[in-house]
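What follows is one structure encoded as structure tokens, with my remarks underneath.
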Amino acid sequence: MHIKQLTADLAVSGQIAPTDMTEIVGAGFKAIICNRPDGEAGDQPSFHEVAQQATAAGLEMRYLPVTPGQLAEEQAAAFDRLLEELPGPVLAYCRSGMRSVSLWGLSQAGRLSPDDILARATAAGYDLSALLRRIAQAGAAPFAVADSSHEVVIVGGGAAGISVAASLLARQPGLDIAIIDPADVHYYQPGWTLVGGGVFQATQTARVMGALIPRGVHWIKSAVAGFAPERNAVLLEGCRVVKYGQLVVCPGLKLDWEAIEGLTDTLGRNGVTSNYRYDLAPYTWELVQRFKGGTALFTQPPMPIKCAGAPQKAMYLSCDAWRRAGVLAQSRVQFHSAGAVLFGVADYVPALMEYVRAYGIGLHFAETLTAVDGARRIATFSVSAPGGTSQRRQVPFDMLHVVPPQSAPDFIRSSPLADAAGWIEVDQATLQHRRFANIFGLGDAANTPNAKTAAAARKQAPVVAHNVLFNLGRQAGQARYDGYGSCPLTVERGKIVLAEFNYGGRLAPSFPAWLLDGRRPSRLAWLLKERLLPPLYWKGMLKGHEWLAQPEMVG
């Protein structure tokens with residue numbers, strides 16, 4: 001947490017944590033304003049989690065969320081009213097502090113001169129020049145003036161975005177590329193399952209973003225607000241505009257924790273956890289170790305979600321730990337899935353069912369978690385019935401592992417790039433946008449019907465890199481993506497069912513069956529997951545090395 005003073009009564013910062021309250025109180029603050037919507041990132045505590053600790057520390061707290069780049073005068077006016085109502089001094093925060101500073105700057109238009117607003121923001125480390133230009137040119141088209149321009153712009157610095165940049169540079173050194181991403185930290189999210197299983201430490205899954213951006217690539221550390229494909233422009237938080245020749249969009253998914261009533265009030269305590277968040281995966285392992293018997297629930301929301309096997313992985317690793325600790329016999333383990341089957345590719349189900357029976361897991365399909373009462377330890381499910389009807393069912397628990405509903409980020413769903421369901425609309429083979437020829441989409445937010453996994457992004461990135469250069473006239477022919485996805489299902493500590501498949505659920509093994517039959521639990525697959533895949537990710541995929549991922553050409 002880096003607090004930066006704007007005025008005598010207002011300071012701003014990036015994301016704060018519930019554990020920061022002692023420092024905030026010690027700095028003399030009396031109130032906090034949260035300007036960041038929940039669910040923007042996998043390491044983000046919810047407003048409710050922060051507010052609970054703020055209230056306990058004697059601080060007043062308010063929620064005024066601003067979607068990046070969608071700052072409105074009404075929100076600035078509401079921010080101004082909060083500053084008048086709340087006891088000062090006040091600390092306002094968002095992801096980086098930029099939205100909070102922008103709210104203040106817009107609220108001061110007409111009170112302070114543009115030079116004064118700009119000077120105070122600059123002194124705090126924020127550039128409001130684009131916002132003030134918009135204020136001065138009220139009514140002007142938001143994309144009229146570009147702050148920068150690049151041959152290739154990539155939205156998203158996750159596995160897909162960095163891999164595309166690295167693959168582009170491997171093919172065309174010196175290409176003018178920019179990556180837009182506001183995050184300070186890059187996460188190896190496939191490792192969070194092993195954090196929750198006590199195999200990895202959380203810190204093993206995190207790297208500083210700046211160290212991973214390929215050398216020579218411009219890093220624009222900002223959030224995207226919107227797109228103007230007819231102008232080849234991207235609008236950023238703070239009203240900055242970036243122009244592009246070719247655009248690659250891969251921002252990942254939004255985790256909608258708020259969609260489950262009461263969940264954010266109890267995450268990280270009362271036995272409620274999730275491996276889908278960096279700071280909660282260690283709590284999963286803490287709960288597993290403390291568990292001495294009782295009811296443990298594991299949930300899976302409606303598809304699509306990132307890594308459809310992850311909800312089960314958490315369950316199998318927990319059961320294995322309880323079996324080793326001698327408490328499995330005293331445990332009632334239940335899997336509640338909104339889907340109709342255990343796993344979408346039938347070839348892998350028999351091996352998984354052997355573990356379901358061995359662990360004594362109760363399977364409950366067509367059940368969607370809708371509410372959590374952490375204090376009473378009761379989970380409420382909507383149970384689908386024939387004929388389209390549903391009923392509510394309440395289940396007491398001692399431990400609850402939750403996977404939240406997921407969707408494309410808001411700035412994608414509301415953009416001209418989205419299909420009717422809100423996903424980036426691309427051709428499933430070339431990954432080129434169906435309506436805008438110089439735009440490509442890949443990763444979790446694309447509407448391709450493949451599993452949303454890092455393994456899929458590893459195969460997609462070289463395809464996009466090749467096809468971007470084809471558009472630029474620097475490669476011959478187009479490449480195609482066959483829908484490959486992989487899900488290493490950790491059925492016990494030391495063994496994995498390695499699911500690999502293409503579009504339509506067709507098996508796509510990377511190894512001959514005599515060496516590794518993915519349909520059976522394997523020690524070799526575990527070694528691949530634990531020992532080989534992390535360095536393959538950090539030192540191969542993110543560096544532009546396309547081992548076992550060379551793109552296939554359109555025939």
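The values are calculated or read from the model by the stated rules, or taken from the named source; none is laboratory data. A quick note: this is a predicted structure, and the numbers were derived from the prediction, not measured. FYI the Cβ positions are ideal-geometry reconstructions off the backbone, even for glycines, and counts take in every protein chain you see.
The numbered conditions (1) within 21 Å of Met315 (Cα to Cα); (2) out of contact with any Leu (no Cβ under 6 Å at 6 or more places or on another chain) are all true for Gln428 except (1). Every listed requirement among (1) under 20 Å from Gly374 (Cβ atoms); (2) of a type outside the set (Lys, Arg); (3) modelled with pLDDT under 95 is met by Gln70 save one, (1).
Report, by residue number, each residue of segment 373-393 that is assigned to a loop (DSSP other than H, G, I, E, B) and loosely packed, with under 15 Cβ neighbours inside 10 Å.
Listed by number, the residues that qualify are Ala375, Arg376, Ala385, Thr389.
In the condition set (1) assigned to a loop (DSSP other than H, G, I, E, B); (2) exposed (fewer than 15 other Cβ atoms within 10 Å of the Cβ), Glu84 is compliant with all but (1). Of the residues making up segment 489-515, those that are of a type outside the set (Asp, Glu) and part of a strand (DSSP E or B) number 10. If you go through segment 328-353 and keep only what is surrounded by fewer than 18 Cβ atoms within 10 Å (Cβ to Cβ) and part of a helix (DSSP H, G or I), you end up with Ala329, Gln330, Ala346, Asp347, Val349, Pro350, Met353. Just so you know, in segment 349-373 the residues that are touching a Leu at 6+ places or on another chain (Cβ under 7 Å) and touching a residue at least 60 places away in the same chain (Cβ under 8 Å) include one that is farthest from Leu507 (Cα to Cα), and it is Val372.
When you go through Ala325, Ala338, Ala281 one by one, which is the residue that is farther than 19 Å from Arg520 by Cα and in contact with a Phe, Trp or Tyr (Cβ under 6 Å, 6 or more places away or on another chain)?
After ruling out the rest, the residue left standing is Ala281.
The single residue among Leu287, Leu263 that is outside any loop (DSSP other than H, G, I, E, B), in contact with a strand residue (DSSP E or B) (Cβ under 6 Å, 6 or more places away or on another chain) and crowded, with 18+ Cβ neighbours inside 10 Å turns out to be Leu287.
Every test in (1) of a type in the set (A, V, I, L, M, F, W, C); (2) surrounded by 15 or more Cβ atoms within 10 Å (Cβ to Cβ); (3) more than 26 Å from Ala281 (Cβ to Cβ); (4) at pLDDT 95 or above is passed by Met21 save one, and that test is (3).
Residues that are of a type in the set (A, V, I, L, M), touching a strand residue (DSSP E or B) at 6+ places or on another chain (Cβ under 8 Å) and either farther than 16 Å from Asp184 by Cα or touching a residue at least 60 places away in the same chain (Cβ under 8 Å) (or both) within segment 197-216 comprise Ala206, Leu212, listed in sequence order. A residue that is part of a helix (DSSP H, G or I), aromatic (Phe, Trp, Tyr) and either touching a residue at least 60 places away in the same chain (Cβ under 8 Å) or within 30 Å of Leu442 (Cβ to Cβ) (or both) can be found somewhere in segment 400-422.
Listed conditions (1) under 25 Å from the mean Cα position of the chain (by Cα); (2) among the basic types (Lys, Arg); (3) over 19 Å from Asn502 (Cα atoms) are all met by Lys452, apart from (3). Restricting the first residue to segment 109-131 and requiring it to be assigned by TED's automatic domain parsing to the domain that holds Ala77 and within 11 Å of Leu6 (Cα to Cα), which pairs with a second residue that is basic (Lys, Arg) and surrounded by fewer than 16 Cβ atoms within 10 Å (Cβ to Cβ) meet a Cβ separation below 6 Å and a spacing of at least six or different chains? Correct list of pairs: empty, since none qualify.
Identify the residue in segment 516-555 that is in a strand (DSSP E or B) and in contact (Cβ under 8 Å) with a residue 40 or more places away in the chain and, among all such residues, is farthest from the chain's Cα centre (by Cα). The selected residue is Met553.
Would you call Val356 buried (at least 20 other Cβ atoms within 10 Å of the Cβ), of a type in the set (A, V, I, L, M, F, W, C) and not in a strand (DSSP E or B)?
Criteria met by Val356.
So that you can scan it fast, the table gives a plain yes or no per residue for (1) surrounded by fewer than 17 Cβ atoms within 10 Å (Cβ to Cβ); (2) over 16 Å from the mean Cα position of the chain (by Cα):
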site: Val395; (1), (2): no, yes
site: Pro405; (1), (2): no, no
site: Ser414; (1), (2): yes, yes
site: Val426; (1), (2): no, yes
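Select, from Thr193, Thr203, the only residue that is buried (at least 18 other Cβ atoms within 10 Å of the Cβ) and among the polar types (S, T, N, Q). Step by step, each of Thr193, Thr203 is checked, and only Thr193 is buried (at least 18 other Cβ atoms within 10 Å of the Cβ) and among the polar types (S, T, N, Q).
From the list Leu469, Leu442, pick out the single residue that is in contact (Cβ under 8 Å) with a residue 60 or more places away in the chain and either under 21 Å from Ala508 (Cα atoms) or surrounded by 21 or more Cβ atoms within 10 Å (Cβ to Cβ) (or both).
On the way: Leu469 fails: either under 21 Å from Ala508 (Cα atoms) or surrounded by 21 or more Cβ atoms within 10 Å (Cβ to Cβ) (or both).
On inspection, the qualifying residue turns out to be Leu442.
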